[in-house]
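Reading through the structure tokens given below for one structure.
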Amino acid sequence: MCDQLRWDYLSCYGHPNLHTPNIDALASRGVRYERAYVQSPVCGASRMSTYTGRYVHAHGASWNFVPLKAGELTIGDHLRPLGVKTVLIGKTHMKADAPGMARLGIDPNSRIGVRIAECGFDPFERDDGLHPYSGH
């Protein structure tokens, strides 16, 4: 899933000057949509809908950094038992459901706790684009 990637800035959709050969190769092996709709105008909530297959009102992560409930299954949870390595790279604007994990007795540092904190995926490289001021 690419974020903030305009369709009209891809050569597979006909941009005359920008060349995106790697994305074009993916598009040639996958599905290209002429219309797509999101579940929320807020990116984090929309991502959680993609991860869970559920509407925002059902999964409850209605805004960026509103936790996805500890019990929500995601595509990562469904694909892992099939032998598919599922990782989260980049940003997702999600934070762990610490109160939910505490209520269920899940250690946030355990394998399950880490996966819950990563939306059901294994951690790889996360960068939510929010960096504290360095003071310099």
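General remarks:
- Here VAL42 clears all of (1) in contact with a His (Cβ under 8 Å, 6 or more places away or on another chain); (2) farther than 12 Å from GLY120 by Cβ; (3) buried (at least 16 other Cβ atoms within 10 Å of the Cβ) except the condition numbered (1).
- Criterion (loosely packed, with under 13 Cβ neighbours inside 10 Å and at pLDDT below 95) met by exactly one of GLU118, GLU125: GLU125
- Screening the candidates ARG80, ARG54, ARG47 for the property of being surrounded by 15 or more Cβ atoms within 10 Å (Cβ to Cβ), at pLDDT 95 or above and in the same structural domain as GLY113 (by TED's automatic domain parsing) yields one hit, ARG54.
- CYS43 being of a type outside the set (A, V, I, L, M), more than 20 Å from ARG115 (Cα to Cα) and in contact (Cβ under 8 Å) with a residue 40 or more places away in the chain: yes
- The conditions of being at negative phi and either at pLDDT below 90 or exposed (fewer than 13 other Cβ atoms within 10 Å of the Cβ) (or both) are met by TYR33.
- Single condition VAL84 does not satisfy, out of (1) under 14 Å from the mean Cα position of the chain (by Cα); (2) free of Cβ contacts under 8 Å to residues at least 40 places away in the same chain: (1)
- Pick from region 1-35, criterion in a helix (DSSP H, G or I) and in contact with a helix residue (DSSP H, G or I) (Cβ under 6 Å, 6 or more places away or on another chain), ranking: farthest from GLU72 (Cα to Cα): SER11
The values are calculated or read from the model by the stated rules, or taken from the named source; none is laboratory data. Computed from a predicted model, the values in this text were never measured in an experiment. Virtual Cβ from ideal backbone geometry, glycine too; neighbours counted across all protein chains shown.
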